[in-house]
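I have placed the structure first, in the form of structure tokens, so that the comments after it can refer back to it.
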Amino acid sequence: MIEHGKTLVHAETNNDRVVVGFSDGTTARGDILVGADGLRSTVRYLIDPGAPAPRATGLGYTFGVAPNAWACT
């Protein structure tokens, strides 16, 4: 199940299922919880509150697009 427009506030396991609670009082149950909610992930914090916070690594990247780059001779 995918829930859009909701704010996750609680997650726990119950009889080999994941039960999550949202700020509007609704809940959802499933087999897995996927935390694809970004750098400051609520899911990450809820499943491991003691995990180290994100930090800058000094790494970066740059990219660009050159139209018709392969057509140049």
Original post:
Per residue of the chain, what 222 nm ellipticity follows from adding -39500 (n - 2.57) for every DSSP H run with n ≥ 4, rounded to the nearest 500?
Top reply: -2000 deg cm²/dmol
**OP:** Arrange the following residues from fewest to most other Cβ atoms within 10 Å of their Cβ: PHE22, PHE63.
**Re:** PHE63, PHE22
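First check a/c for segment 1-53, with a ≥ b ≥ c the square roots of the eigenvalues of its C-alpha gyration tensor; if it is under 1.5, answer rounded, and if not, answer prolate when a/b is larger than b/c or oblate otherwise.
oblate
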Original post:
Do you know the relative contact order of the chain, to the nearest whole percent, from alpha carbon pairs under 8 angstrom that are 6+ apart?
Top reply: 20
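The numbers here are math on the coordinates, done by the rules we state, and not lab data. Values in this document were obtained by computation on a predicted structure and should not be read as measured data. Note that each Cβ is placed from the backbone with ideal geometry, even for glycine, and that neighbours are counted across all protein chains shown.
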